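Participant: Would you mind keeping the following structure in view while I ask a few things?
The values are calculated or read from the model by the stated rules, or taken from the named source; none is laboratory data. Since the structure is predicted, the reported quantities are computational estimates derived from the model, not experimental observations. We place every Cβ from the backbone using ideal geometry, glycine too, and count neighbours over all the protein chains shown.
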Amino acid sequence: MFSVAREFSFSYGHRLYRYEGRCRRLHGHNALVRIEILGDGDSLNEHGMAFDFATLKETMGRWIDETLDHRVFLAKDDPLAKVLIDAGEEPVLLDGNPTAEQLAKAIYEHAVEIGLRVQRVDFWETKNCRATYAR
Ligand SMILES: [Zn+2]
């Protein structure tokens, strides 16, 4: 059984709404994401690949660059969302707080949506803190 993974990094801002810890304040991270794609058993394509890293870069890498990089993530009900939108910003709004867990799941779901056989998404919010989403 083969699987392949590619890492992507991007920068973002967020805050956790209705949370007492330091992350209630608006701040930023340089995230590292690892997206793992499941191969088809032991079979490889005519190039000897379970999945082409270049395809991962062209699909998920481009989506991360265009949709997630240098954006602010907020909970939908965070009042800061309206302030930023009124100021001409385009925050990414999530159903819950924009934690590493939620972002790992959102990336996983996008991979499923575009038809990738995603196995898991690891999301490092910092060098020492990682959340993983898999089904
Ligand atoms: Zn944070």
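Participant: Which one of these does GLY96 not meet: (1) closer than 18 Å to GLY13 by Cα; (2) touching a helix residue (DSSP H, G or I) at 6+ places or on another chain (Cβ under 6 Å); (3) in contact (Cβ under 8 Å) with a residue 60 or more places away in the chain?
Facilitator: (3)
Participant: Continuing with this model, one more query. Is there any pair linking a residue in segment 5-20 that is farther than 26 Å from GLY39 by Cβ to one that is of a type in the set (A, V, I, L, M) and in a loop (DSSP other than H, G, I, E, B), with Cβ under 8 Å and at least six apart or on different chains, and which?
Facilitator: Qualifying pairs under 8 Å: GLY13/LEU26; HIS14/LEU26; ARG15/LEU26.
Participant: From the residues in segment 20-61 that are part of a strand (DSSP E or B) and over 26 Å from THR99 (Cβ atoms), which one is nearest to the ligand (Cβ to nearest atom)?
Facilitator: Going through the qualifying residues, I end up with ASP40.
Participant: Could you tell me which of the residues LEU68, LEU74, LEU116 is more than 28 Å from GLY21 (Cα to Cα), in contact with a helix residue (DSSP H, G or I) (Cβ under 9 Å, 6 or more places away or on another chain) and of a type in the set (A, V, I, L, M, F, W, C)? So that I can check it myself, show each step before the final result.
Facilitator: Working: LEU68 fails: more than 28 Å from GLY21 (Cα to Cα); LEU74 fails: more than 28 Å from GLY21 (Cα to Cα).
Going through LEU68, LEU74, LEU116 in turn, the sole match is LEU116.
Participant: If you don't mind, another one. I'd like to verify a number: residues in segment 1-19 that are under 30 Å from ASP52 (Cβ atoms), assigned to a loop (DSSP other than H, G, I, E, B) and of a type in the set (A, V, I, L, M), how many?
Facilitator: The number of residues fulfilling the criteria is 1.
Participant: Additional query: Give me a count of the residues in segment 87-135 that are among the basic types (Lys, Arg) and within 19 Å of ASN30 (Cα to Cα).
Facilitator: Of the residues in that region, 3 qualify.
Participant: Would it be correct to say that ARG62 is of a type outside the set (Phe, Trp, Tyr) and in contact with a Phe, Trp or Tyr (Cβ under 9 Å, 6 or more places away or on another chain)?
Facilitator: no
Participant: Going residue by residue through segment 108-119, is there one that turns out to be surrounded by 12 or more Cβ atoms within 10 Å (Cβ to Cβ) and out of contact with any strand residue (DSSP E or B) (no Cβ under 7 Å at 6 or more places or on another chain)?
Facilitator: yes
Participant: When you look at LEU84, is it under 21 Å from VAL4 (Cα atoms) and at pLDDT 95 or above, yes or no? Reasoning before the result, please.
Facilitator: On the way: under 21 Å from VAL4 (Cα atoms): no; at pLDDT 95 or above: yes.
Answer is no for this residue.
Participant: Kindly indicate whether any position in segment 81-102 is assigned to a strand (DSSP E or B), buried (at least 19 other Cβ atoms within 10 Å of the Cβ) and within 16 Å of the ligand (Cβ to nearest atom). Please lay out each step first, then the result.
Facilitator: Keep residues of segment 81-102 that are assigned to a strand (DSSP E or B), which gives 92-94.
Keeping just the survivors that are buried (at least 19 other Cβ atoms within 10 Å of the Cβ) gives none.
No, segment 81-102 contains no residue that is assigned to a strand (DSSP E or B), buried (at least 19 other Cβ atoms within 10 Å of the Cβ) and within 16 Å of the ligand (Cβ to nearest atom).
Participant: If you check GLU7, GLU46, which single one turns out to be among the acidic types (Asp, Glu), within 20 Å of ASP122 (Cβ to Cβ) and out of contact with any Cys (no Cβ under 8 Å at 6 or more places or on another chain)?
Facilitator: None of the others qualify; the one that does is GLU7.
Participant: Mind listing whichever residues of segment 1-19 are near the ligand (Cβ under 10 Å from one of its atoms) and under 16 Å from ASP69 (Cβ atoms)?
Facilitator: TYR12, GLY13, HIS14 - these are the residues of segment 1-19 that are near the ligand (Cβ under 10 Å from one of its atoms) and under 16 Å from ASP69 (Cβ atoms).
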